[in-house]
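Working notes, beginning with the structure itself.
The values are calculated or read from the model by the stated rules, or taken from the named source; none is laboratory data. Here the structure is a predicted model, which means the values were calculated and not measured. Neighbour counts run over all protein chains shown; Cβ positions are idealised from the backbone, glycine included. SASA here: full protein model, heavy atoms, side chains in, ligands and nucleic acids out. Shrake-Rupley method; radii C 1.70, N 1.55, O 1.52, S 1.80 Å.
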Amino acid sequence: MSKRLTITAYSTALFSTWFFIEELRLLLDAGDGVCAALLTKSRKIDTVAVTHADRDHITGLFQLLQLNARNSKPNVLYPKDSGSFPAMAEFCRIFDPHVDAPTWTPVAPGEVFHLKDSLTLRVVDSSHIDRPGQVKSLGYQVVSSVRKLKPEYHGRTQDQMKQLSLTVGTNALYDPREETLLGYSGDTGVGSPTLWRGCRVLIHESTFLRHEDIGDGGKRNQHSVLLDVLRMAVDANPGALVLSHFSSRYKSHHVSEAVFAEASALAPPFPVYVIPPGEIVRDVLSQTPLWAGSQ
């Protein structure tokens with residue numbers, strides 16, 4: 001998929017987080033207000049990939065599923081060891097008996113689900129809720145699988161390629177390649193850049209602007225600090241970075257000033273976009289980036 005993804009988003013720590021990728025009919029998390037923001041576009045959602053069961057990531061599910069079940073049955077992916085989701089499914093069954101139930105799918109890191117054409121959704125690790133032996137929080141990647149002609153066959157004519165296909169088989173002419181179109185961290189501490197290396201767009205949480213702001217906020221579940229995210233992203237080198245999930249203690253201008261200052265010091269080669277606390281951003285990648293990139 002060469003076209004730029006159309007991403008509509010809202011993300012404010014403790015209150016609500018959701019990201020809608022229109023071309024993929026994909027919703028990443030389902031915080032409060034998602035239907036009110038998307039209106040009839042909410043009925044285009046086929047897959048809801050939830051990262052964890054905190055209320056600011058799930059309370060929009062109730063209205064979303066009631067609206068969508070009239071037209072389709074979305075597949076809701078959730079961390080396999082989170083007991084909240086079977087409880088939600090039972091509540092929805094009782095509360096909305098007049099609509100068809102969605103599909104509720106428990107998932108774990110490493111699993112892959114088809115989205116459309118050659119695109120899949122891969123489940124990845126998250127450090128947000130650390131429970132040894134249990135999967136309580138997740139991240140996601142949208143992956144494109146393509147085939148590239150092997151170098152030794154470059155320059156062959158169409159007739160030669162047809163003959164080679166008959167002789168050695170079409171699969172022998174190509175190398176399978178994967179490209180990560182989108183990475184979504186969900187709530188998490190900063191992990192290895194290897195997980196996100198080279199992805200076209202990385203959406204990563206950045207709850208705190210400074211380490212000293214964490215206070216008691218880091219004792220229960222892990223979150224990220226702006227400078228750590230930027231340093232990791234410089235190593236991962238995505239095509240673009242979207243920072244989200246800022247604490248509501250910050251005003252929009254506080255976030256903008258901090259991000260620009262840190263990006264100016266590190267000079268990442270990619271553009272950096274921001275989802276300011278308390279604001280819906282429509283078509284995120286069409287906005288002017290806060291940092292345009294150093295190249």
Listed peptides 30-39, 157-166, 123-132 by packing density, highest first (mean Cβ within 10 Å) = 30-39, 123-132, 157-166
Taking springs between alpha-carbon atoms closer than 10 angstrom, which of 52, 223, 254 fluctuates most in the Gaussian network model of the chain?
-> 254
Return the sequence-ordered ³J(HN,Hα) values of region 195-205 in whole Hz as given by the Karplus equation 6.51 cos²θ - 1.76 cosθ + 1.60 applied to θ = phi - 60°, using x for Gly and Pro.
-> 4, 10, 4, x, 5, 5, 9, 10, 9, 10, 5
Between region 272-291 and region 122-160, the Cα center-to-center distance that results, in Å | 26
Can you give the percent of C-alpha pairs in region 179-246 whose distance is more than 15 Å?
-> 46
Using only alpha carbon pairs under 8 Å that are at least six residues apart, calculate the relative contact order of the chain and give it in whole percent.
-> 16
Please say if region 1-117 is rounded, prolate or oblate, where rounded means a/c under 1.5 for a ≥ b ≥ c the square roots of the C-alpha gyration tensor eigenvalues, and otherwise the choice is prolate for a/b larger than b/c and oblate otherwise?
-> rounded
Determine by what factor the alpha-carbon radius of gyration of region 112-219 differs from 2.2 N^0.38 Å, reporting the quotient.
-> 1.59
Counting other Cβ atoms within 10 Å of each Cβ, which GluC sites (Glu not before Pro) in region 61-168 have at most 16 and sit in a DSSP loop?
-> 111
Report Rg/Rh for region 1-70, rounded to two decimals, where Rg is the Cα radius of gyration and Rh the Kirkwood radius.
-> 0.96
Using only alpha carbon pairs under 8 Å that are at least six residues apart, calculate the relative contact order of region 179-236 and give it in whole percent.
-> 42
Per the rule of 0.36 nm per residue minus the C-alpha distance, extending residue 148 to residue 285 adds in nm 46.6 nm
Whole-number accessible area per residue in Å² for region 174-288, which is evaluated in the context of all protein chains at 1.4 Å = 43
Cα centroid of region 9-79 to Cα centroid of region 232-254, whole Å | 21
Using R₀ = 30 Å, calculate the FRET efficiency as 1/(1 + (r/R₀)^6) where r is the Cβ-Cβ separation of residue 95 and residue 212; round to 0.05.
-> 0.10
If you take every DSSP beta bridge whose two residues both sit in the chain, what share of them, in percent to the nearest 5, is antiparallel?
-> 55
Over region 10-140, what is the mean sequence separation of C-alpha contacts under 8 Å (at least six apart), divided by residue count, expressed as relative contact order in percent?
-> 20
Leaving out ligands and nucleic acids, note down the accessible area per residue over region 57-167 with a 1.4 angstrom probe, in whole Å².
-> 54
Debye log10 I(q)/I(0) for region 43-178, one point scatterer per Cα, at q = 0.19 Å⁻¹ | -1.06
Percent of accessible area on region 1-133 owned by carbon and sulfur, 1.4 Å probe?
-> 52
Over the C-alpha atoms of the chain, what are the Rg and the largest Cα-to-Cα span, Dmax, in Å?
-> 20.5, 68
